[in-house]
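Presented below is the structure to which this report refers.
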Amino acid sequence: MFGCILAAMMGFTACEPQTDNGDGYEGINYIYLSSKEGKTTIYENDTTALVVEVMLTATLEENLALTFALTGTEGVLTIEGNPVVIKAGEKTGSFNIVSNNANLLKESANYTVALSADVVLPENVELKEALAFVVTPVVVEEQNPTDEKTALLNAYKEATGIDLTKYIGLVNVSTVITGTDPDSGEPLEPRTVNGKTLIELSESATAEAPVLKMATNAMGIEDYMYQILRSVTVDNDDYWYGEYTMPCYDALMTAINWSKTSEEVFSMSLDGITFGAEGDIEFLGQGLSQYEDEITIVPFDYSFTAYDRELAAIESGELDPSADPEWMYDATANPYYHLNCDDITEDWFEMEGNWIEASASVSDTALTFTFCVYACYLDYDYTRIVATYTPNN
């Protein structure tokens, strides 16, 4: 019984009796790979490591040495701390994946890390699945503004005393995310995610009103929002799979070859962050709800490879949701449908939970944004986001 309970907690259902692994557990002793803080992206020209955590379902009576290998990196990445040794009586270990800073990529690329082919595992020990992640190149010239762009930023500095050049380039961001307990409706304990955002001066910037664009990992929540998108689509075991599910979900996934294990690239950007002469910052804009009503939100732009394939399949006629009267509206990979899809100017739920009025501030020590997001078919309240950027030296 304990094995089945633990299996459910870890997200798998294999409960058939196996040999005892040393601590009473009798199922398959899986090796799980996960990235620290749920991060799924590495910047190619950044030295910050992607920390990969290794965990066994159960302890072993002897040390376990695990050697890992990357697929298709072609000199882009290196593994540090390899092999990983999980000591007898313990369950966890870790290693790092770091960029070689070789500037080989022209666009974001998918990679995976798994056990090396020559690793021999003890009986009843298996790798659950490889860990997939994305490496994103950073255009070097965007980190070094042209003379014209520098002049725009200098004009703003003269007017306000704030040097926005410190927030141009790959900038550190610490984001506090406060979600909601779906059972009680009460706010969950806040969690902090640390990352980086590539910030550029927008094409719409002027000397009177500099405008910034977050080209990648906008507000530091790219990984978080992708997890939400997966949880209401391909990871939604309650509605997207099984004997009683609607056929449209399987039809969509089959048509675009989209699954829990398909390699995808998801990214978020945000343009139009406008800095006023009085120090005010405007970053809200217009969007559409799932009912196609106009709403005011933080108007993120999304790029998602599965949705690109969906649009191509619809255009070619391979996929035609409008021809199926039972096609469910949420049977789509469209991030704009599933994410950030309710107005945030008022507390429409009146739950005294996470809603907070959107605001932003900037100084020589921090650029901070506070706002809410809402995910369709998942949240019972808003999720509060506080993203704080630390200036580059």
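Taking the numbered list (1) touching a residue at least 40 places away in the same chain (Cβ under 8 Å); (2) farther than 27 Å from VAL171 by Cβ; (3) not in a strand (DSSP E or B) in turn, TYR32 passes all entries but (3).
Okay, residues lined up against (1) loosely packed, with under 15 Cβ neighbours inside 10 Å; (2) under 21 Å from ILE177 (Cα atoms); (3) in the same structural domain as GLU200 (by TED's automatic domain parsing):
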site: VAL234; (1), (2), (3): no, no, yes
site: TYR249; (1), (2), (3): no, no, yes
site: SER269; (1), (2), (3): no, yes, yes
site: GLU278; (1), (2), (3): yes, no, yes
site: GLN286; (1), (2), (3): yes, no, yes
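For region 199-215, the criterion of being closer than 21 Å to PHE369 by Cα, surrounded by 21 or more Cβ atoms within 10 Å (Cβ to Cβ) and within 14 Å of the chain's Cα centre (by Cα) is met by none of the residues.
Applying the condition of being part of a loop (DSSP other than H, G, I, E, B), in contact (Cβ under 8 Å) with a residue 40 or more places away in the chain and within 15 Å of THR180 (Cβ to Cβ) to region 341-376 and asking which residue is nearest to the chain's Cα centre (by Cα) yields ALA375. A Cβ distance below 6 Å, combined with a sequence gap of six or more or placement on separate chains, defines the contacts here; from region 211-223, residues that are closer than 17 Å to ILE42 by Cβ reach no residue that is of a type in the set (D, E, K, R) and crowded, with 24+ Cβ neighbours inside 10 Å.
For the condition within 28 Å of LEU198 (Cβ to Cβ), at pLDDT below 85 and in contact with a strand residue (DSSP E or B) (Cβ under 9 Å, 6 or more places away or on another chain), ALA387 does not qualify. Looking across ASN96, ASN82, one residue alone is surrounded by 14 or more Cβ atoms within 10 Å (Cβ to Cβ) and either assigned to a loop (DSSP other than H, G, I, E, B) or among the β-branched types (Val, Ile, Thr) (or both). It is ASN82.
Out of the residues in region 63-78 meeting the condition of being part of a loop (DSSP other than H, G, I, E, B) and either polar (S, T, N, Q) or at pLDDT 95 or above (or both), tell me which one is farthest from SER108 (Cα to Cα). Let's see the steps before the verdict.
Step one: of region 63-78, the residues part of a loop (DSSP other than H, G, I, E, B) are 63, 67, 72-76.
Among the residues that remain, those that are also either polar (S, T, N, Q) or at pLDDT 95 or above (or both) are: 63, 67, 73.
On the way: ASN63: 37, THR67: 26, THR73: 12 Å.
It comes out as ASN63.
LEU104 meets the conditions (1) within 21 Å of GLU264 (Cα to Cα); (2) aliphatic (A, V, I, L, M); (3) in contact with a strand residue (DSSP E or B) (Cβ under 8 Å, 6 or more places away or on another chain) in every case but one. The failed one is (3).
Residue-by-condition table, conditions (1) of a type outside the set (Ser, Thr, Tyr); (2) part of a helix (DSSP H, G or I):
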site: MET219; (1), (2): yes, yes
site: TYR239; (1), (2): no, no
site: GLU243; (1), (2): yes, no
site: ILE273; (1), (2): yes, no
site: THR296; (1), (2): no, no
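With respect to the conditions (1) out of contact with any Asp or Glu (no Cβ under 9 Å at 6 or more places or on another chain); (2) modelled with pLDDT of 95 or more, TRP258 lacks only one, and its number is (1).
The values are calculated or read from the model by the stated rules, or taken from the named source; none is laboratory data. The model shown is predicted, which means the values in this text are computed figures rather than measured ones. Note that we place each Cβ from the backbone using ideal geometry, even for glycine, and neighbour counts take in every protein chain shown.
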